[in-house]
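Structure record follows, encoded as structure tokens.
The values are calculated or read from the model by the stated rules, or taken from the named source; none is laboratory data. The shown structure was predicted, so the numbers you read here are calculated from the model rather than taken from an experiment. Because the Cβ atoms are built from the backbone with ideal geometry, glycine has one as well, and the counts that use them run over all protein chains shown.
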Amino acid sequence: MELDETLNIVCKDILSFFDIDRVDIIHYSGDYSNLSIMSECKSSPDFASLTEGDFSFNIKEFVSKRVLEENKDLIINNLDDVPDYYKEEYKKVGHKSAAYIPIRKDDDKWGILAVFTINDYKYWSQDDINILHDISDYLYITARQVELYPILQQCIEWENLIRKITEIIDSDIDIKDIEHKIVTELGQAMNASRCYIRAFDPISQELQPVREYEEYLSSPDLFSLVNVDTELIHKQLSDVLKAGGELISSNIETVSLIASEEKILGRMKAIAGISIPIRYGEEYLGALTVLYSRPRFIKKEEVDFVRTVAKQTGIAMHQARLYDSLTENAARERLLRIIISDVKVSQDLDELYKYLLPKMTNIYNDDRALLVEMPEGMFQKPEIKQEYVKDQGLLQDAQIPNRFNEIIRKTGINLEPITINNTIDYYRDDSDLQRFFDEYSIRSLLTIPLIRYNHDIKVLGILVITSKDLRVWTEDKVNVLRSITDQVANVIWEIMKRRELEEIRNTFMLTLAHDLQVPIVGEHRALEFLISRPDSQPIGKYKEFIDETIKSNESLSELLSRLLDMYNYEAGKQELHLIKYNMSGIIDDVVNSLKGFAQSKSMSINIDIQDGPEVNVDITEMRKVVENLLENAIEYTQTGGNITIKTYKQDNDVITCISDNGPGIAPQIRERIFERYAMARAIERKVGSGLGLYLAKQIVEAHCGKIWYDTKLGVGTTFCFSLPTQW
């Protein structure tokens, strides 16, 4: 049933029920001067219609403010009780009594229900008023339902279109086909003269010209925007969209435009329209525009609908980019496997760099790649170890600006890539830096740290890639390159470790040969001397030679014993004979055995042992640990130095520390102090040097403990190890 028909039936029923002379249903459209009578019924055709009355604005305002604004009933039992201007004008239509009831819900004002008597005066009882309120509530619901019906129909059509667009996005991977279907379906659904998409170029930071598949025209006679210069198309409006704004106009002719914009919009016959930014998350992808060639009131529901389509378009554009990225990444993955496969067989760092750098420039068609070594000191300049360049000058021959070096340092310190998409915007006021970028054709650059993660973090170098073109270093692109550099870092580390192991092996063999040769040669000469003596000479005369030979044999035996222990621990063959024992007993035995050595250097040994629980130890093995640490402290501390041995309980561990006031450990060997023969390369050779700390670490860890040290040059060194009270 139509609204007019429904209102007419209600008017007749009210007229009959109350036995009155006139009923009017008045619609309020937001303007007091423009109240419209939607339905009117009279008890006699002789009565004049309200529409025939020429009512002043004062009366309309009086009624509307009282009934709609204040939400109060206006009940008039006698015209004598109202203002004169009301009384005079309503006498023209013969009214004697009246009642005005608001048709509204909360703040939503729809209109007024007005009832009148003409022949007689009427007293409006509270029951009468309550009934009129019930009727007004019914009228409000009915009117709004009827008004919503076409909107609901439109929403259903739009919902179906959104569903259709979603199905298109889900079933198609060709963004050209998707965008063409979107603008066509949307343009037709909105009955628009044109609909188009303009993609945003993140490099130029501008909306691009419309492409053929991005435009819908309702008529072939309309001017097409395909390949029209972007700068001519409402540049100011584009900036608004980029900033996240929306453009909605029922009449573009009322908008202030520059001459070029008026010209192009005139050719487009664009009078009204909607333009919504296309986004995916926070990323700006472009703009979706619907235009009309005539003035047209743009409804809120229409704007919401275009927003929804723009959101779906953003999803489609993102998916298309993702698909393109996956396709490109698949090709790069193949290249990655080739690079990694080739890199893994590299045996020499220079050969590795010469192979790798050209490959890295080919991945994204860049122009230059270089491997830079991080300086150890804050004020030292990074050193270019290897460089590949296609056709520009080598940076190795250049005077590198400080700010460029800062980029390298920052990459190494933060352990994260640095991307510069446009070097013109990077320290624009630094003339030296900008001149450097211009001279070597660097418009964009990327730096990636080559990191080796182990028990600590080691920066092996910085990979720098530059391009003569503007470049958007997306997260995907950076991740592809990082996947290569991560593998390269491992290979570089392996090559470096092979070199170090070779050096260690050479040092090991040289030191071992020396350690074995010294006592053997000494013994050989001593025996030669003894055998050359006359038989008549007593052996006691050569006791000193014999003692030295015995000591030499003991040192040789100790070396061989350490080598055997080291082998057993490395092979997991060492058996521990554990008993509950207090560390104080082991410490006292070791101190007594080395007391003579300490006295020979005028050194004092202070012991601070707290009463603590016993630990599970192999006494013989743990004695080797304490003996090695104490012997080292005596050996490498100056004459007259002080040594302190301290044992205490902390949580569930018993900790033993041996401190000296010696020279401290040199920085270059600190991180490798527990490696086999690390000490042999840093100190004057002695029998068995370089094995003690390595073996001590193995023994402590076999007891489920930990060993560490703290050192400071010129102050001294403290070695500590912890043993669990239960394990």
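Odds and ends about this structure:
- Qualifying residue in the range 391-412 (condition: farther than 15 Å from residue 448 by Cβ and assigned to a strand (DSSP E or B)): no
- Of the strands (runs of 3 or more DSSP E) entirely within the range 179-288, those holding at least 1 residues that are in the same structural domain as residue 307 (by TED's automatic domain parsing), at pLDDT below 90 and not charged (D, E, K, R) occupy 194-201, 247-249, 272-280.
- From 711, 647, residue being under 23 Å from residue 576 (Cβ atoms), at pLDDT 90 or above, crowded, with 16+ Cβ neighbours inside 10 Å and in contact with a helix residue (DSSP H, G or I) (Cβ under 8 Å, 6 or more places away or on another chain): 647
- Each residue in the range 406-458 was checked for being closer than 17 Å to residue 387 by Cβ and more than 26 Å from the chain's Cα centre (by Cα), and 6 of them qualify.
- Residues located in the range 270-311, provided they are crowded, with 18+ Cβ neighbours inside 10 Å and within 24 Å of the chain's Cα centre (by Cα): 277, 278, 279, 284, 285, 286
- Test: residue in the range 170-185 that is among the polar types (S, T, N, Q), farther than 17 Å from residue 303 by Cα and touching a helix residue (DSSP H, G or I) at 6+ places or on another chain (Cβ under 7 Å): no
- Within the range 53-78, if we keep just the residues that are farther than 18 Å from residue 113 by Cα and modelled with pLDDT under 75, the residue that is farthest from the chain's Cα centre (by Cα) turns out to be 54.
- Looking only at the range 465-510, and only at residues there that are among the hydroxyl-bearing types (Ser, Thr, Tyr) and in a helix (DSSP H, G or I), the one that is modelled with the highest pLDDT: 485
- The range 579-612, residues that are at pLDDT 90 or above and among the aliphatic types (A, V, I, L, M): 579, 583, 586, 587, 590, 591, 594, 598, 603, 605, 607
This table checks each residue for (1) surrounded by 13 or more Cβ atoms within 10 Å (Cβ to Cβ); (2) within 16 Å of residue 144 (Cα to Cα); (3) in contact with a helix residue (DSSP H, G or I) (Cβ under 8 Å, 6 or more places away or on another chain).
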position: 3; (1), (2), (3): yes, yes, yes
position: 7; (1), (2), (3): yes, yes, yes
position: 10; (1), (2), (3): yes, yes, yes
position: 23; (1), (2), (3): yes, no, yes
position: 34; (1), (2), (3): no, no, no
position: 38; (1), (2), (3): yes, yes, yes
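- Any hit, the range 415-430, residues being of a type outside the set (S, T, N, Q), in a strand (DSSP E or B), buried (at least 16 other Cβ atoms within 10 Å of the Cβ) and modelled with pLDDT of 85 or more: yes
- Strands (runs of 3 or more DSSP E) contained entirely in the range 600-665, each with at least 3 residues that are on the phi < 0 side of the Ramachandran plot, touching a residue at least 40 places away in the same chain (Cβ under 8 Å) and in the same structural domain as residue 576 (by TED's automatic domain parsing): 615-617, 642-650, 653-660
- Among the residues of the range 8-42, the ones that are farther than 17 Å from residue 124 by Cβ and either in contact (Cβ under 8 Å) with a residue 60 or more places away in the chain or assigned to a strand (DSSP E or B) (or both) come to 13 in all.
- Condition check for residue 476: within 24 Å of the chain's Cα centre (by Cα) and either buried (at least 19 other Cβ atoms within 10 Å of the Cβ) or closer than 27 Å to residue 202 by Cβ (or both): yes
- Residue that is surrounded by the most Cβ atoms within 10 Å (Cβ to Cβ) [pool: residues in the range 696-708 that are among the hydrophobic types (A, V, I, L, M, F, W, C) and farther than 14 Å from residue 578 by Cα]: 696
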